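To start, the structure itself, in structure tokens.
Read the figures in this text as sums done on the coordinates, not as results from a lab. All values reported here derive from a predicted model rather than from experimental measurement. Virtual Cβ from ideal backbone geometry, glycine too; neighbours counted across all protein chains shown.
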Amino acid sequence: MLVSFRPCGPKDFKALLKLTTAYYRFDKIPYDLSSLRRGLETLLRNPSQGQAWLMETHHKSIGYSLLTYNFDLEYGGIEGMLTDLYVDKHYRNRGVGSLALYELEDFCRERGIRAIELQVLNRNKAAETFYRKAGFRILPRKVMVFDVRPDEQPRPRAVTVGKRR
């Protein structure tokens, strides 16, 4: 089976959106379609934010990956964030995911990116096994997120701090 791994641009929006929603349904990740569309459009129009790739066989999209950028002093600057790697269930366990990781590693190496970070759901043991075999390791940290509130939401009351003497 011949698989191509090619970078995406705005013209690939529909194919990527279809695969992204398939991935989110597969992994049971809740999503808002309008937010997903907005984020994907932003990524495809702003290469400084990251890169998306399609995996195809005979011009049929069978998977995709998204790598975004994060700045982290621990890794000497830019770090790759593998936010999504999805392969259609009919093409899994055939080396397609491994091909994607090799391509991503080459992409990062060429740009001086020294680390790739990702998140795996605790319940997705198959993905964790796949990434561990590829050389990823679990960091002794917990992933935490803070959803930034819109301006109109109430904020906690201000804390009064005494003056220094």
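Rounded, prolate or oblate for the stretch 4-134? Axes are the square roots of the Cα gyration tensor eigenvalues, ordered a ≥ b ≥ c, and the cut-off for rounded is a/c under 1.5.
Numbers: a/c = 1.30, a/b = 1.12, b/c = 1.16.
It comes out rounded by the Cα gyration axes.
Can you give the charge dipole size of the chain about its Cα centre, rounded to the nearest 20 debye, using +1 on the beta carbon of Lys and Arg and -1 on the beta carbon of Asp and Glu? Could you put the intermediate results ahead of the total?
Details: 29 positive and 19 negative charges, 128 e Å.
In total the dipole reaches around 620 debye.
Rounded to the nearest 500, what is the 222 nm mean residue ellipticity of the chain from helices alone, with -39500 (n - 2.57) per DSSP H run of 4+ residues and division by all residues?
Details: 4 runs with 52 residues, N = 165.
It lands at -10000 deg cm²/dmol.
How many nm separate the modelled label positions at Ile78 and Lys142, each set 7 Å beyond the Cα in the direction of the Cβ?
3.3
Quick one: which of Lys11/Lys89; Lys11/Lys133; Lys18/Lys60; Lys14/Lys125 span more than 22 angstrom between C-alpha atoms? Intermediate values should be presented prior to the final figure.
Numbers: Lys11/Lys89 24 Å; Lys11/Lys133 34 Å; Lys18/Lys60 12 Å; Lys14/Lys125 30 Å.
Going by Cα-Cα distance, Lys11/Lys89; Lys11/Lys133; Lys14/Lys125 fall outside the 22 Å limit.
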